[in-house]
Each structure stands twice: as C-alpha cells, then as structure tokens.
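Comments concern the structure below.
Every number here is computed from the coordinates shown, using simple stated rules; none is lab data. All values reported here derive from a predicted model rather than from experimental measurement. Quick reminder, even Gly has a Cβ in these numbers, built from the backbone with ideal geometry, and neighbours come from all protein chains shown.
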Amino acid sequence: MASVEELKALVGSKGEPTVYQIDPSMLRLYADTIGEKNPKWQQYVHPGLLAAAMFMGQGVPMQFPYPGIVDAGLELQIFKPIKLGDTITITNELFSVEDKSSEKGKRLLISMKSNIKNQNGEEVAASIGRVMNLG
C-alpha cells in the first residue's frame, strides 16, 4: 500500500493513452451492459447507444493507502457521438486527492479526469470519476 503522501505526489500524473477501434462487438457489449433487450439490436447495435462512460477507468497505475474502495460518482460530458469505425484515444489523469477523514474514520476522495478524442483529434467526451478510499 502507498502512503497518503505518495498518492498525493502523483496528482497531475497521466496514464499512457489507450486507443480503441470501435467495432460491432464493442457496441453489443455496451448494449448488454446497459440492459438493452430490444431484439432489433441483438445482431447489431446502433452506434448511437455507445457512450463514452464505457471507456472510463483506464487510470494512472496507483496503489491506495486504505483497504476499502467505493464509487463516489462520475461527471460526464459528451460533446460528439462515438460511432462505429471511430478510433478513440483516452487519456486519464490523477486530478486530485482530498482528505475527507472524520471521527468515522480515514477517508480519501480520489478524482480521475478522463479526456476522449476521436481519430480527428476532436474531443468527444470528458469526465471526472471519483472513488472514496476508506480506512
């Protein structure tokens, strides 16, 4: 486990960009994940169903100081649709580490910023995802 100071020292660190080619299998996986049961989409999923949130969480490698992790929310902005055949590049950054400890225990609010661009370099989505690290 890393210390709180070691984790805070990583703020601003970016992970290696991850590149995805959007193909029909990814679209079907997304439809299955969100529970899309319309038989119309069982053979082929319309590209409009694909959301940028499917690709969040490809983060900066890090260890957490405390053993517990819970989701603390996601702010997502979608600027353009991600379509079949697109190549998208996702870059993630450790955005902030905030001490939220109280009499109930040790807590860190950890925020990751994600930027998603298409093959034309256009920003298609951005997000800030948060987890609470509990000790």
Problem set entry | In sequence order, calculated HN-Hα J values of the range 87-92 (Karplus, 6.51, -1.76, 1.60; Hz; x Gly/Pro) | 10, 10, 10, 10, 10, 10
Exercise. Which order, highest average first, do 96-105, 82-91 follow once you tally other Cβ atoms within 10 Å for each residue and take the mean per peptide?
Worked result: 82-91, 96-105
Exercise. So what J values fall out for the range 20-34 if you push phi through Karplus, 6.51 cos²θ - 1.76 cosθ + 1.60 with θ = phi - 60°, rounded to Hz, Gly and Pro as x?
Worked result: 10, 9, 7, 10, x, 5, 5, 5, 5, 4, 5, 4, 4, 4, 8
Seminar exercise, completed: Here the FRET efficiency for E16 versus V70, based on Cβ atoms and R0 = 35 Å and rounded to 0.05, is 0.85
